[in-house]
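The values are calculated or read from the model by the stated rules, or taken from the named source; none is laboratory data. Just so it is clear, the structure is predicted and the values come from calculations on it, not from any experiment. Neighbour counts are summed over all protein chains in view; Cβ atoms, including those assigned to glycine, are modelled from backbone coordinates with ideal geometry.
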């Protein structure tokens, strides 16, 4: 609670903690994983010291998403998975708590990342493990058993939510509005 770099904007403004504050904090941790950077790094140039502030302009420009990838990966990662991970982090890091997803939706979106195989837009990424069988099942965060069809439907819903979040953020930036929905 209140750790600089991880606390949500509403906590900084008014000291209010909510479930959505935790989603914001998770977004910071996810961004650290994506970039390989610390949330606050005083050894970097001033404009790059705060990880979220540095990354926010890139969130609005998907062709720039590879700039966020940990340079130690040397470009060896599935591009589609990077795009999905950045989209999830961006959704979690929304300024307004009402626009942030529920953590169950974040878990679902990250579950989709876990199913990205070597054909998921990889650059030079090699995945030694075989693709999952087509007749597998998964247990969702709330304990519901999902078959392939249910998982595809859930993945479509998560993808729509990601797209909605991206569009919502883009429209809010164009209008200069940060009002809640």
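Pairing residues of the stretch 1-16 that are crowded, with 16+ Cβ neighbours inside 10 Å with residues that are assigned to a helix (DSSP H, G or I) and at pLDDT 85 or above, at Cβ distances under 6 Å and at least 6 apart in sequence or on separate chains, gives 6/25; 6/28; 8/21; 8/24; 10/97; 11/21.
Taking residues in the stretch 70-81 that are modelled with pLDDT of 95 or more, and partners anywhere that are assigned to a helix (DSSP H, G or I) and surrounded by fewer than 14 Cβ atoms within 10 Å (Cβ to Cβ), the pairs with Cβ atoms closer than 9 Å and at least 6 places apart or on different chains are 70/33.
Of all residues in the stretch 36-53, those that are touching a residue at least 24 places away in the same chain (Cβ under 8 Å), out of contact with any helix residue (DSSP H, G or I) (no Cβ under 8 Å at 6 or more places or on another chain) and part of a helix (DSSP H, G or I) total 0. Please enumerate the residues belonging to the stretch 17-46 that are surrounded by fewer than 17 Cβ atoms within 10 Å (Cβ to Cβ) and more than 16 Å from residue 97 (Cα to Cα). The answer is 29, 33, 36, 38, 40, 41, 42, 43, 44, 45, 46. Condition check for residue 89 on (1) surrounded by 14 or more Cβ atoms within 10 Å (Cβ to Cβ); (2) in a helix (DSSP H, G or I); (3) modelled with pLDDT under 95: one failure, at (3). Taken over the stretch 71-86, residues that are buried (at least 22 other Cβ atoms within 10 Å of the Cβ) and more than 16 Å from the chain's Cα centre (by Cα) amount to 0.
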